[in-house]
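Undergrad: This is the structure I have questions about; it appears just below.
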Amino acid sequence: MTTVVERLRGDGPKFSVEFFPPRDAEDETVLWRSIRELEQIDPAYMSITYGAGGSSRDGTIRNIARAATETTLVPMAHLTAVDHSVAELRNVIGWYASVGVRNILALRGDPPGDVYGEWVPHPDGLNYAEELVELVRSLGDFCVGVSAFPYGHPRSPDLDTDTRHLVRKFRAGADFGIAQLFFDAEDFLRLRDRVAAAGCEAMLIPGVMPLTTPRTLRTTVKLSGAPAPSALLDRLEPLAGDPAAFRAEGLDVVTALCERLLAEGVPDLHFYTFNRSKATREVVSRLGLVPARA
Ligand code: FAD
């Protein structure tokens, strides 16, 4: 099975897509419709997030295995250390390997509840993503990704400390990092500069969310950990009552952001899809990232 890094090497910039585990059968049908639609335009890889609860975790494991065995896509499984002993983490990693998943996004995660809630370590578990990177690496020939935060992780006291911890994850064996959502290309580029200035040549990939609705804007604000710039709010907020106009403007904003990132040489744009394919297909097609045969 191909690795993420192999997919991103050479041949110009790519795009990739992220899903979350379905909550029920209806959700699963929607998810698979999107996966199949996106498969046709050849993303570099696809990933499924890892939740905090048992059924959601089963959903990740089941659907990533299905993607590995039934599609042409390169799958990447997210994995978090939340509420897992090291023995359990070993089992999940071993299981991923057994179904042919070679790419793992190694995260500490957050306990259930608030998106950046208080960290509670498992008594026999791990404390930081760095340790999970080491564990995954020790268990096989995996390609390992980690998270990165353009505005710093909300728990980090300052950007220097945050950068130091990020670089530790690369030194522990991570092959690439995917950035949390941000608003301005400069915010991502400054993160890339900080990592380079620390003497680290890691591959950094921007995370992008198509801004199709006021909800996607709120989610971007929440996940980024930073307030939206007033110029963006001035463009989008007046359109909140007009879904078609909001969507059109939001996709223009995101396309322009992606164009700037591509001009700066990013190897990949990682799309948070919300388990829908249409907006991502539209943006990547406007960017000229859809292969001619698709
Ligand atoms: P870490 O890298 O361990 O960092 C957590 C905090 O500890 C940071 O403040 C960091 O600076 C600090 N730190 C790190 N190492 C050290 C150290 N050695 N010593 C002292 N301090 C240290 N969450 C999910 O639950 N499931 C998902 O599938 C998921 N996917 C994500 C995908 C992406 C691309 C991103 C950007 C985030 C994702 N998250 C997911 C969210 C993530 O789990 C949270 O942001 C979580 O709060 C931190 O996880 P981390 O891996 O960044 O932790």
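Here is a yes/no grid of residues against (1) more than 25 Å from Ala44 (Cα to Cα); (2) modelled with pLDDT under 95; (3) in contact with a Leu (Cβ under 9 Å, 6 or more places away or on another chain):
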site	(1), (2), (3)
Val195	no, no, yes
Thr213	yes, no, no
Ala231	yes, no, no
Ala263	no, no, no
Lys278	no, no, no
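Undergrad: Right, next: Search the range 49-66 for residues that are under 19 Å from Asn103 (Cβ atoms) and pair each with any residue that is acidic (Asp, Glu) and near the ligand (Cβ under 8 Å from one of its atoms) when their beta-carbon atoms are under 7 Å apart and the residues are at least 6 apart or on different chains.
TA: What qualifies is Thr49/Glu18.
The rows are residues; the columns are (1) within 11 Å of the ligand (Cβ to nearest atom); (2) more than 25 Å from Ser285 (Cβ to Cβ); (3) out of contact with any strand residue (DSSP E or B) (no Cβ under 8 Å at 6 or more places or on another chain); (4) assigned to a helix (DSSP H, G or I).
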site	(1), (2), (3), (4)
Gly51	yes, yes, yes, no
Ala65	no, yes, yes, yes
Thr72	no, no, yes, no
Trp95	no, yes, yes, yes
Pro111	yes, yes, yes, no
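Undergrad: Give the residues of the range 1-48 that are more than 20 Å from Tyr272 (Cβ to Cβ), touching a residue at least 24 places away in the same chain (Cβ under 8 Å) and either surrounded by 18 or more Cβ atoms within 10 Å (Cβ to Cβ) or of a type in the set (A, V, I, L, M, F, W, C) (or both), sorted by residue number.
TA: Within the range 1-48, Met1, Thr3, Val5 meet the criteria.
Undergrad: Among the residues of the range 215-235, count how many are surrounded by 13 or more Cβ atoms within 10 Å (Cβ to Cβ) and more than 26 Å from His153 (Cβ to Cβ).
TA: Qualifying residue count, the range 215-235: 1.
Undergrad: For His165, are the conditions met, namely being surrounded by fewer than 22 Cβ atoms within 10 Å (Cβ to Cβ), within 10 Å of the ligand (Cβ to nearest atom) and over 18 Å from the mean Cα position of the chain (by Cα)?
TA: So His165 passes the test.
Undergrad: I've got another one for you. Just give me the residues in the range 113-149 being touching a Lys or Arg at 6+ places or on another chain (Cβ under 7 Å), buried (at least 22 other Cβ atoms within 10 Å of the Cβ) and part of a loop (DSSP other than H, G, I, E, B), in sequence order.
TA: Across the range 113-149, the qualifying residue is only Phe142.
Undergrad: For the range 182-189, indicate whether the set of residues that are within 13 Å of the ligand (Cβ to nearest atom) and not in a helix (DSSP H, G or I) is non-empty.
TA: Yes, that holds for at least one residue.
Undergrad: Filter the range 120-134 for residues that are touching a Pro at 6+ places or on another chain (Cβ under 7 Å) and more than 22 Å from Phe170 (Cα to Cα) and give the result.
TA: The one that is touching a Pro at 6+ places or on another chain (Cβ under 7 Å) and more than 22 Å from Phe170 (Cα to Cα): Val120.
The values are calculated or read from the model by the stated rules, or taken from the named source; none is laboratory data. A quick note: this is a predicted structure, and the numbers were derived from the prediction, not measured. All Cβ positions, glycine included, derive from the backbone under ideal geometry; neighbour counts span all protein chains shown.
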